[in-house]
Every structure is written in C-alpha cells, then in structure tokens.
Amino acid sequence: MPVIQIDKKYLYGLVGASIDDKKLADQLSKLGFEVESADKDHVSVEITANRLDLLDAVGLARTLKNFMHVSKRFHYEIEDAKPAIEIEVDRSVRKVRPYISSLVAYNLDISDESLTNMINFTEKFCETYGRDRRKIAMGFHDLDRIKPPIRYASSSDSSFIPLGGSKEYLFSDILKNHEKGMRYGSIIRDADMCYYPALSDAEGVMAFIPILNSERTKVTTNTRNLFVDITGTSEFAVNKTCDLLAASFMDLGADVKKVRIKYQSKNIDTPLLEKRYISIPIERMEREIGVAIGFNNIISLANKMGYEAGAVGKKITFRLPEYRLDIIDDQDVIEDIAIGYGYEYINPTPIYYFQPGRLDESTVKNLQLSDIMVGLGFCELVNSYLTNENDNFSKALIPEAQNAIRMKGSKTEYITMLRTWLIPSLLKDLSASLNEKTPQNVFEIDMAFRIKDGAAVESYKLAGVSIDPRANFNSMKSVVEGLLFAAGIKYELSEYSHNSFIEGRCASIAEKGKTIGFLGELHPKVLKNFGIEEPGTGFEIDLESFYSKR
C-alpha cells in the first residue's frame, strides 16, 4: 500500500481544529489507515490502495474534518457551466493516449508546503493508480503563461525547454538522455508510435506527454491561476481524476472552471462532477453489518464518511462524493457505514461448529499433475482469472467467443471478462521476463470459464508454454506424451487447426474419440503480439477426463 509523507503543520492547518500526533493516529486508525512514522515536522501515513483521494493532504484533511465532525462539505459543483478554455484533440493521439481531461483553478494561494504537496500527490497518484503513468499522467501549468489555442496531438520530433532545464531539447533526445525520458519512454515505444504526443499552445510545447512538462509553464509559489491536464488510456479514469482534483482545489478556496475537450466526434466539458446516487434497504445494511443502527444513525454515519444521505421509505439514498474513485456499488457504501460506526463496537459472531480441514479431491489431483509437470522441467505459475478481450482473443488471433463471461460496468479496459483458456495468461507472464535466459518453461493448473445453457461453468485446465530457440512440435509432443502417460490417460494425436498455432504444426489430443486438448508450435504473430521474439510451443488440456478416471 502507498505511503505518503505530509508536512504536519500544513495538514493540521487544513483540518482547522485542535489535533496532535496522538489524536491523528487514533482517527486514522478508526478509518483503517496507519501512521507509519512521525517526527517534528512530518508524518508518514499508509493509505489503502482504494482511497486514492487520500494520497493528497487536502483529501486527507477533508476526510478527517468529516470524520471528526469539524465541518462537512458534500457538494462540489461548478455553477458557471461555460468553459474557460478549450483543448482540441487530434486523431493522431488515438494509438497511444486517446483521452484527456482538464480544469482551470483561479485565485490559488500556493505556498511552499502546498506546492510540495501537489508534486508529491502527482507522483504518488501516477505511480499507483496511474500504473507508473501508463494509465494516467497529469501535469500542472501556470495558466497566465499559456496562450490559447491549446492542442493535444502527436507530431514529428519537436523541441522545447524541459522542466528544470535552460536550453531546448528534441523529444528524441529527452527519451535517450533525460532521467524522465529514460524512465517513461517505453510508454510511447510500446504503443508502436512513430510520432510524439504533446500538449501545445500558441507559444509552443507545454508538455511532452506523458514524460515531462515545459519550463515555460512551470508552477511556482507566485502562480495564482492553474491549468491542469490529465491524459491516459481510460476515459473513466481520466475524467474521475479530474473530478478528484477539482474537489481538492475547491477545498483550497480556488474558483474552478471547466475546460472543453474537443474530440473528433464529441465535445466534453471537464471536470464532469456528475451526481451519482445509490439506494440501499436499511434492513440489508443492518443485516450485513450485524448491528441494528437505525435510519437516523445511518444518515449521521453517512455524513461522517462524506456522503449526503436521506431516508426514502425503507431505503437510504446516498449521494456519492464526487472525489471518490473507488465506489463501484452498494457494498462499498455499506463498508463505509461500518467504518463510521466503528468495528470495535461490532460484536463478532461465534462459530458453533467445527469441521476438520482436508484437501478437496480436485486439489489432490491437481497436485499430482503439478508434480509431474515439475518433473518434466516446468515452473508453475498462478494467474488471475480476470483478463480482457485483447489478451484472451485478439492477441491470440482467435475470434471472440459468444459464451465468454464478461464483466458489467468494468472501470478499466484491462479487466473486462473471465478468461476462457490459460495459454494467453502464460504468454503474458513470459512477456514480462524477456530479459531472463531461455529456455523458459512454465505451466498453470487452474480454472477457465464459459457460459453454457445460460449458466456460468468453470472447468479446470492444464496449460504449458515453452519459449526456446530450439522449440518445435516434437519437443512439446514429448512433454505432453510424458504427462499423459504418467497421469494414466490413454490418448490419440491427430492433425488439428488452431489460429494460435502454426498450420500443420498443431495436433489435437483426444481420448476415446473426444478432443480434450491441443498442442503445437505457437504462431509467430501470437508471440509478437505478446512481445516475445523467440520461438514458442504450448499445450492446453481439459482435466475433466482426468478427474473422472482417478
């Protein structure tokens, strides 16, 4: 979990109430966070990964004020809907960072402490939620040094004076020689771009996205009006990050205005600050928390946790805080009410029965197969069931299956479905270890999922992949034959066609005329899609017959 370091004087000033180190640690503990260390001037707090709004001292102070009943603010709205400025988005950025949001904040009083907090928040936020700037990157600029029109586009090599510099550098030179360019340059190269994404105004480049800002628009303690850009690969994440920042600047007393984002097909005014509501039956909340709280107390606890709430019949309707990125459904709201109530006041339910533990039958059989694969020189991996259509289908050159189980309301393009087979997961693992020596032999025994007759079906599969300059059909065939012989499965191999494998170098594995798997040499395009340059082979077997025979 991320740890943030905050200037204590600055934090306590934002809270605006009598508070000391001991009280701070106590209040944060009740909220589920921990003070890692504290000295005369600073305090380090460990923040859970879901509460991204607390990576900022302003957000942390906001939550403490609500929780301690110092003050409450539930609404973050921009009354003047007219955008203060516009950004034209060129179609050339679609391949690398297609989305951008922005805001302007007028009449800011920026101190050394608040400037340090903004910089630290930006770095920590982009490192965690932003996945080291791959998903989200943001930049702060002095609005008074910007001359519209503003344009977000990819272009050939350009030059500008980077932040902290005194002379101009080409984008290409920054990627090769600058600390930030060497660290984040792969984000652009991985997107297979021959142009460089940049944010520019009438004076020239404002930012080399997502690498480095310009020295010309540098923010200092003399800055009074701020321009903020957020770019990324997820429109939801970009827009919600903008909402979060808008709330923080409003809490600092700034006059926040919208920015019009002009895409090719639509215009969006950000920050959105959309009103979102969730209604939950009182009986359900009390049952899940385990305490009879009462609707008046629930509303009070909701206010304590930053929600505006009201009773409608037998339900409580909650208005979700605009700055919260982590609230997906009613379960998140119920958890917040439990935190507000206090886990120390909730009596645990005793367990009145005892059942000795033992391994499930399928686990025993999976362990047997695992031992066989290890004996054949393979290393076992464990992956998440969650994936996306690009990894599961597109990169593997197979059409999307209609019976795949897809996620409703996914907030990221990286997690949109349950995997239908295991080989793509192994290839993704191997793509992250390209610098390791070959051969690399890995396998996994776990579940894949599909819909059958309208119901979700899960089935255990065994898959193995070998990356080796000498990899060929016969080498993988000998592995599979050794596995099936040791497992006691009588099999037949026949010529087989599969888009992920080279035609003529793939075989089906059948038992009593029923196909239970396949093996062969992986197609070069599949390997390239996963960033693998060496030849590779693989196999995958449905374990249903193995379970039924043993």
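No value in this document is a laboratory result; all are computed from the given coordinates. All values derive from a computational prediction rather than experimental measurement. Neighbour counts are summed over all protein chains in view; Cβ atoms, including those assigned to glycine, are modelled from backbone coordinates with ideal geometry.
Below are the figures for this structure:
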{"quantity": "VAL374-ASN177 pseudo-label distance in nm [points 7 Å out on the Cα-to-Cβ vector]", "calculated": "5.2 nm"}
{"quantity": "Listed residue (ASN392, ASN222, LEU175) projecting farthest to the positive dipole end of the chain, Cβ model", "calculated": "ASN392"}
{"quantity": "The stretch 433-497: trypsin sites (Lys or Arg not before Pro) in DSSP loop, at most 11 other beta carbons within 10 Å", "calculated": "LYS437, ARG470, LYS490"}
{"quantity": "The stretch 494-528 residues near the modelled ASN472 label - backbone nitrogen below 17 Å, point 7 Å along Cα→Cβ", "calculated": "502-507, 520-524"}
{"quantity": "Inter-label distance for SER37 and ILE328, nm, one decimal - labels placed 7 Å from Cα along Cα-to-Cβ", "calculated": "3.4 nm"}
{"quantity": "Links that overshoot a 19 Å alpha carbon limit, given the list LYS124/LYS240; LYS40/LYS124; LYS95/LYS124; LYS95/LYS180; LYS9/LYS40", "calculated": "LYS40/LYS124; LYS95/LYS124; LYS95/LYS180"}
{"quantity": "Qualifying GluC sites (Glu not before Pro) in the stretch 53-146, DSSP loop, other Cβ atoms within 10 Å at most 12", "calculated": "GLU77, GLU79"}
{"quantity": "Per-pair calculated FRET efficiency, R0 = 30 Å: PHE354 and ALA455 via Cβ, rounded to 0.05", "calculated": "0.35"}
{"quantity": "Coil-residue trypsin sites (Lys or Arg not before Pro) of the stretch 52-130, DSSP, other Cβ within 10 Å capped at 16", "calculated": "LYS72, ARG73, ARG94, LYS95"}
{"quantity": "Label-point gap, in nm, between ASP109 and GLU335 - each point 7 angstrom along Cα→Cβ", "calculated": "3.7 nm"}
{"quantity": "Anchor LYS514: lysines whose Cα lies under 17 Å away (excluding residues fewer than 8 positions away in-chain)", "calculated": "LYS461, LYS490, LYS549"}
{"quantity": "The chain, Rg to Rh (Cα coordinates; Rh as Kirkwood inverse mean 1/r)", "calculated": "1.02"}
{"quantity": "Extended-chain gain in nm, criterion 0.36 nm per residue less alpha-carbon gap, ALA202 and GLU235", "calculated": "9.2 nm"}
{"quantity": "Lys pairs, the stretch 289-438 - Cα-Cα below 28 angstrom, 8 or more residues apart or on other chains", "calculated": "14"}
